[in-house]
1. Could you give the length gained on full extension between Lys102 and Ser239, defined as 0.36 nm per residue of separation minus the Cα-Cα distance, in nm?
2. Summing -39500 (n - 2.57) over the DSSP H runs of n ≥ 4 in the chain and dividing by its residue number, what mean residue ellipticity at 222 nm do you reach, to the nearest 500 deg cm²/dmol?
3. Could you tell me which of rounded, prolate or oblate describes the chain, using a ≥ b ≥ c as the square roots of the eigenvalues of the alpha-carbon gyration tensor, with rounded for a/c under 1.5 and, failing that, prolate when a/b is larger than b/c and oblate otherwise?
4. Say the dipole of the chain comes from +1 at the beta carbon of Lys and Arg and -1 at that of Asp and Glu; which of Leu376, Ser232, Ile297 then lies farthest toward its positive end?
5. Where in region 298-330 does the label zone of Leu346 land, with the point 7 angstrom along Cα→C-beta and an amide N cut-off under 18 Å?
6. If the chain between Lys288 and Arg378 were fully stretched, how many nm would it gain, using 0.36 nm times the residue separation less the Cα-Cα distance?
7. With labels modelled as points extended 7 Å from the Cα through the Cβ direction, what inter-label distance (nm, one decimal) is found for Asp249 paired with Lys262?
8. Under a crude label model (7 Å from the Cα following the beta-carbon direction), how far is Asn226 from Arg39 in nanometres?
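Nothing in this text is a laboratory measurement; each read-out follows from the coordinates by a stated rule. Nothing here was measured: the structure is a model prediction, and the numbers come from that model. So basically every Cβ, Gly included, is an ideal-geometry build from the backbone, and we count neighbours across all protein chains shown.
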Amino acid sequence: MKKYRLLTPGPVPLPPSILKILGAPMWHHRTPQFEKVLRSVHEKLKLTFQTKNPVLILTSTGSGAMEAAIVNTLSPGDEIITVVSGKFGERWSAMAGEFGIKSHDIKVPWGESVDPLSIRDLLIKNPRIRAVLCQVSETSTATVHPIKEIAEIVREHSETLFMVDAITAIGAMDLQMDSWGLDVVVSGSQKAFMLPTGVSFIALSDKAWAANKTSKCPKFYFNLQNELKTQSRGETYFSSSVPHIRALDLSLKQLTGLNLKKSIKRCHKLAEVTRKASEMLGLCVYSKSPSSSVTAIALPSQIDGQKLRDELEKKYHLVLMGGQDQLKGKILRIGHLGYITNEDMLAFFDGLCRSLIKMGHVGANKKVNLAIRKYLLRELR
Ligand SMILES: *Cc1c(COP(=O)(O)O)cnc(C)c1O
């Protein structure tokens, strides 16, 4: 049996303490013992999301929370703006379309961040716009958007909500829901929360809860009013994913208070050394506005990304993601979330350098490999 190092931007490697809880005997979800855990989780989630409002837990992947955001605040016929700068922006726009909502997509070239002024102009031209939807970190291109600046623009429009997909942002970068004025924030368990896929989170501002009252989109499984009522009394509307939520109680200890600052700092550091070490190998960072939860490295045209990933996986047991659609085979994406140790980073760059030497990349040689190792040992402590 081989030990694989998962360096993907979700799912992420899980620490042994979390794995232990996930394997514990099952509890029923309508019991005092579970209620106590759920209450503790709810309190901590507010600190992680930096909001005073409840953060609701849904049993779904992150996309479920993205859908919940739409169907609980909007109505068929509404107009919205969606920032489309990669796969996840495309998904949110398509989702809204399914519910009869007209999205004015702001198409941003992949790897670039959106210009907040383009949102301002579109909002002024279309006073009917009910919401602006944007990823904080567009995982498919490893790019971050200027969320705080966009929030300031949207806040000037009292009838418009700002909804953010913070699925690879919470825990990896500072995101202040209340003080920045974000109206809907969604996230998912398999990213910085260090859990398996299957649970998602959503928080609404007072303005978004007010919009919820008039929202006419069909909703049954993702009816947030039902969830709010039930979750405030220590239960979930449908059955709870007890293992996820018990493990979440532990992982949130790493994502609250001082530990949240530490977690963010660690992601920044991993992203920074990944960019620097890649440059030492003669590779370029793909994004013009790089994220700290995932880094995309542009591969030289003579390197086939799929072959490189196969080599990394088969020979070095390193699992990484490539690019999708127009970026297929052209980039390598390295995740920085979850239980990633310094040893994982050393093993990754050693494997990457050796694979690139084998594939004939001119920037890779034994000397560079050693220099990178020294650099990583100095920077990561
Ligand atoms: C992972 C991710 C999602 C959610 O994907 P699911 O597969 O539904 O969990 C959404 N947005 C971003 C930016 C993500 O990274």
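1. Numbers: separation 137, 0.36 × 137 = 49.32 nm, distance 3.38 nm.
Value of the extension gain: 45.9 nm.
2. Values: 14 runs with 165 residues, N = 381.
Theoretical 222 nm ellipticity from helices: -13500 deg cm²/dmol.
3. Numbers: a/c = 2.14, a/b = 1.35, b/c = 1.58.
Because a/c hits 1.5 or more and a/b fails to exceed b/c, the chain counts as oblate.
4. Working it through, the farthest residue towards the positive pole turns out to be Leu376.
5. 316-318
6. Working: separation 90, 0.36 × 90 = 32.40 nm, distance 2.64 nm.
Separation in residues times 0.36 nm, less the Cα-Cα distance, equals 29.8 nm.
7. Spacing of the two 7 Å Cα→Cβ label points: 2.1 nm.
8. 2.5
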